[in-house]
């Protein structure tokens with residue numbers, strides 16, 4: 001999961017936030033926070049230009065864990081739908097217990 005921070009697509013975050021019915025202004029503010037990031041690289045102590053990323057969440061940013069949870073909610077919804085339409089199957093742990101199709105954040 002930790003490497004997933006680096007590959008989260010910003011368009012997916014935006015779509016998920018809208019899908020969860022956040023206010024348009026809130027969506028705009030969140031997208032501004034994550035999409036206006038730039039990085040400067042120094043080579044031998046000299047700045048050699050700017051890097052403008054197009055995806056990923058900055059680990060250590062206070063907003064990132066919440067955005068990542070929103071992305072995981074999207075993954076969970078996709079897995080639940082796949083289970084519902086029988087594209088995947090869960091496991092049974094006991095008679096009468098619900099089927100387990102996925103778990104997140106287990107240790």
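So that you can scan it fast, the table gives a plain yes or no per residue for (1) closer than 26 Å to residue 14 by Cβ; (2) at pLDDT below 85; (3) under 10 Å from the mean Cα position of the chain (by Cα); (4) not in a helix (DSSP H, G or I):
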| site | (1), (2), (3), (4) |
| --- | --- |
| 53 | yes, yes, no, yes |
| 67 | yes, no, yes, no |
| 81 | yes, no, no, no |
| 88 | no, no, no, yes |
Condition met for residue 40 (over 20 Å from residue 102 (Cβ atoms) and out of contact with any helix residue (DSSP H, G or I) (no Cβ under 9 Å at 6 or more places or on another chain)): yes
Residue within segment 3-18 that is within 11 Å of the chain's Cα centre (by Cα), assigned to a strand (DSSP E or B), modelled with pLDDT of 85 or more and exposed (fewer than 14 other Cβ atoms within 10 Å of the Cβ) present: yes
Identity of the residue in segment 87-101, under 19 Å from residue 76 (Cβ atoms) and touching a strand residue (DSSP E or B) at 6+ places or on another chain (Cβ under 9 Å), that ends up surrounded by the most Cβ atoms within 10 Å (Cβ to Cβ): 101
All positions within segment 73-104 that are touching a helix residue (DSSP H, G or I) at 6+ places or on another chain (Cβ under 9 Å) and over 23 Å from residue 21 (Cβ atoms): 87, 88, 89, 90, 99, 101, 102
Residues that are part of a loop (DSSP other than H, G, I, E, B), surrounded by 11 or more Cβ atoms within 10 Å (Cβ to Cβ) and at pLDDT 90 or above, drawn from segment 19-37: 20, 22
Filter result (touching a residue at least 24 places away in the same chain (Cβ under 8 Å) and under 16 Å from residue 72 (Cα atoms)) within segment 16-37: 16, 17, 19, 20
Count - residues of segment 38-57 that are touching a residue at least 40 places away in the same chain (Cβ under 8 Å) and surrounded by 13 or more Cβ atoms within 10 Å (Cβ to Cβ): 3
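The values are calculated or read from the model by the stated rules, or taken from the named source; none is laboratory data. Bear in mind the structure is a predicted one, so any value in this text is a computation, not a measurement. Note that we place each Cβ from the backbone using ideal geometry, even for glycine, and neighbour counts take in every protein chain shown.
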